[in-house]
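Structure first, then comments.
Computed from the coordinates by the stated procedures, all read-outs in this text should not be read as laboratory data. Since the structure is predicted, the reported quantities are computational estimates derived from the model, not experimental observations. FYI the Cβ positions are ideal-geometry reconstructions off the backbone, even for glycines, and counts take in every protein chain you see.
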C-alpha cells in the first residue's frame with residue numbers, strides 16, 4: 001500500500017471508530033506456544049501465522065531460531081517503524097530510509113533464577129530511529145507520535161495487568 005492508501009485507510013478507520021466506539025475494544029488474537037523439541041518453541045496464531053523460537057546453547061537451547069527476547073525487540077522495532085510510517089503517510093510525507101533499532105540491557109541472573117532481586121526482563125531499553133534525507137523537520141513529530149501510539153511501546157512503559165489461568169490438559 002502506498003502513502004495515499006495508508007492515509008485513506010487511517011482516515012476511514014478513525015471515522016468509523018469515532019461513530020462506533022463500542023467496536024473499538026476487543027480481545028486480541030491468541031499466540032499459542034507449543035514445545036517442539038527441548039527449548040525450541042513453535043508459536044501459532046490466526047490465519048496460519050507461525051514463528052519459532054529457541055534459546056542459545058549456553059542455557060540448553062539449540063540456537064536454531066531467534067530467542068523470545070529478540071522477537072520482543074523485533075516486535076518493538078517493527079511496531080515503532082509501522083506507526084512512524086503511518087504518521088508520515090497521514091501527513092503526506094514519503095519516507096525513505098526509515099530504520100528503527102531496539103536494544104536492551106539484561107542480566108542473565110534474573111532469567112536463570114540466580115538472584116531473585118534481579119529482574120528476568122530487560123533493565124533498560126533503547127530505541128534508535130534513523131530517517132532518510134528531506135524529512136528531518138517533520139521527523140521528531142513523526143517519531144514521537146509513533147512511540148506514543150505504538151502498542152508495544154505502551155506495553156513496555158505502562159504496567160498492565162496480567163491474568164494467569166492454569167488448566168490441566
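Cα gyration tensor of the range 61-169, axes a ≥ b ≥ c as square roots of the eigenvalues: rounded (a/c below 1.5), prolate (a/b > b/c) or oblate?
In terms of gyration-tensor shape, prolate.
Assign one of three labels to the range 36-85, namely rounded, prolate or oblate, based on the Cα gyration tensor with a ≥ b ≥ c the square roots of its eigenvalues; rounded applies when a/c is under 1.5, prolate when it is not and a/b is larger than b/c, and oblate otherwise.
oblate
With the Cα gyration tensor of the range 73-135 giving a ≥ b ≥ c as the square roots of its eigenvalues, does the rule (a/c under 1.5 for rounded; else a/b larger than b/c for prolate; else oblate) give rounded, prolate or oblate?
prolate
Between the range 82-156 and the range 1-70, what is the C-alpha centre distance in whole Å?
17
Highest first, please rank the peptides 14-21, 73-80 by the mean number of other Cβ atoms sitting within 10 Å of their residues.
My ranking of the peptides, most packed first, is 73-80, 14-21.
Compute the acute angle (0 to 90°) between the alpha-carbon long axis of helix 3-19 and the principal axis of greatest extent of the alpha-carbon atoms of the chain; round to the nearest 10°.
For helix 3-19, the angle is close to 80 degrees.
Once you keep just the Cα pairs under 8 angstrom separated by 6 or more residues, what percentage relative contact order results for the range 45-169?
Reported relative contact order: 22 percent.
Helix 136-149 sits at what angle to the longest principal axis of the chain, using alpha carbons and giving 0 to 90 degrees rounded to 10?
Computed tilt is about 50 degrees.
Taking only Cα atoms and a 10 Å spring cutoff, compute GNM fluctuations for the chain and point out the largest among 81, 138, 30.
30
Go ahead and set up a Gaussian network model of the chain, Cα springs under 10 Å, then flag whichever of 139, 155, 89 fluctuates most.
155
Against the longest principal axis of the chain, how steep is helix 68-90, in degrees 0 to 90 to the nearest 10, with axes from Cα atoms?
Result, in degrees: 0.
Just order 52-58, 110-116 by mean Cβ neighbour count inside 10 Å, highest at the front, would you?
Most protected by this proxy first, the peptides run 52-58, 110-116.
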